[in-house]
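Written out below as structure tokens is the structure these notes cover.
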Amino acid sequence: MINKILFLLLLFLVSCSSPNPPANPAKPKVHSKHKPASSKPLSSPWNVMTYPGKQGEQAARKYVKLETDGKYSNSTVTDDYLNADIIVDKVNAGILLHKSKKTNPSEKFTGPVHITMKNSAGNELKLTSSRGWNKSGGILIERNNNDYSQFRIFMLESESVINVEILDDSSSVYKFDINAAGFGEAFSQI
């Protein structure tokens, strides 16, 4: 019996004094420096859109569009809400103005409108238009008299905010800003 006890005691002592643990084959973790998060480019306010296709049309025509808010004044109101849509395609450019609410129809003009644009560099562009964007209204910036080309170049050369003022023949004044950032990139996609 004593032999059994001594044997168990010896076994107990041997099991308690364990040898060094086996070497861990995994490499120790090295704390790496965190890579800076890549900054995402700010999304452009310009959206690339597609005109609804006409029957028999081979390829859908694309355009870029910017929606912005501003103010208008006339003989009865001062600084009322204005929504402006700027549309530019490969052939034309247009401005649709919606008084008081975005959902109101675009303004129709009976006479010429005078447009003054000034960018943050102090460059100024003056245009006159006497044509509507379409039968629903708006302003067409025409290519025929090179205003479209001047407008497109002005937009491409401007990199930030462009202040716009439009005067019509009824003494209404429309004021809004165009964010030109991202225009060149969006225009290159149409």
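The values are calculated or read from the model by the stated rules, or taken from the named source; none is laboratory data. Everything quoted here is computed from the prediction, not taken from an experiment. Cβ: placed from backbone, ideal geometry, glycine included. Neighbour counts: every protein chain shown.
Filtered by the rule that a residue be over 12 Å from Ser136 (Cβ atoms) and of a type in the set (A, V, I, L, M, F, W, C), the stretch 77-96 gives Val77, Leu82, Ala84, Ile86, Ile87, Val88, Val91, Ala93, Ile95.
Taken across the stretch 97-110, residues that are among the aliphatic types (A, V, I, L, M) and under 16 Å from Gln150 (Cα atoms) do not occur at all. Quick check: anything in the stretch 140-162 of a type outside the set (D, E, K, R), in a strand (DSSP E or B), in contact (Cβ under 8 Å) with a residue 12 or more places away in the chain and in contact with a Gly (Cβ under 6 Å, 6 or more places away or on another chain)? Within the stretch 140-162, one or more residues are of a type outside the set (D, E, K, R), in a strand (DSSP E or B), in contact (Cβ under 8 Å) with a residue 12 or more places away in the chain and in contact with a Gly (Cβ under 6 Å, 6 or more places away or on another chain). The condition (being of a type in the set (S, T, N, Q) and either surrounded by 13 or more Cβ atoms within 10 Å (Cβ to Cβ) or farther than 30 Å from Ala60 by Cα (or both)) is satisfied by just one residue among Thr103, Thr116: Thr116. Just wondering, is there one or more residues in the stretch 99-106 that are in contact (Cβ under 8 Å) with a residue 12 or more places away in the chain and in contact with a Leu (Cβ under 7 Å, 6 or more places away or on another chain)? For the stretch 99-106, residues in contact (Cβ under 8 Å) with a residue 12 or more places away in the chain and in contact with a Leu (Cβ under 7 Å, 6 or more places away or on another chain): present. Residue under question is Lys108, and the condition is that it be of a type in the set (Lys, Arg), exposed (fewer than 15 other Cβ atoms within 10 Å of the Cβ), under 24 Å from the mean Cα position of the chain (by Cα) and not in a strand (DSSP E or B); does it hold? The answer is no for Lys108. The criterion of at least 1 residues that are small (Gly, Ala, Ser) and either out of contact with any strand residue (DSSP E or B) (no Cβ under 7 Å at 6 or more places or on another chain) or at pLDDT 90 or above (or both) is met, among strands (runs of 3 or more DSSP E) falling completely within the stretch 37-103, by 62-73, 80-88, 93-99. Just to verify a result, which residue in the stretch 111-139, among those that are among the hydrophobic types (A, V, I, L, M, F, W, C) and in a loop (DSSP other than H, G, I, E, B), is farthest from Trp46 (Cα to Cα)? Selected residue: Ala121.
Take Gly94 and tell me if it is in contact with a Gly (Cβ under 6 Å, 6 or more places away or on another chain), surrounded by 12 or more Cβ atoms within 10 Å (Cβ to Cβ) and on the phi > 0 side of the Ramachandran plot. No, not satisfied.
Out of curiosity, is Phe176 closer than 19 Å to Tyr63 by Cα, touching a residue at least 12 places away in the same chain (Cβ under 8 Å) and of a type outside the set (S, T, N, Q)?
Values: closer than 19 Å to Tyr63 by Cα: no; touching a residue at least 12 places away in the same chain (Cβ under 8 Å): yes; of a type outside the set (S, T, N, Q): yes.
Taking the combined requirement at face value, the residue does not satisfy it.
If you go through the stretch 163-190 and keep only what is assigned to a loop (DSSP other than H, G, I, E, B) and either farther than 18 Å from His114 by Cβ or touching a strand residue (DSSP E or B) at 6+ places or on another chain (Cβ under 8 Å) (or both), you end up with Asp168, Asp169, Ser172, Ala180, Ala181, Gly182, Ser188, Gln189, Ile190. Only one of the numbered conditions (1) under 24 Å from the mean Cα position of the chain (by Cα); (2) surrounded by 13 or more Cβ atoms within 10 Å (Cβ to Cβ) is violated by Val77, and that is (1).
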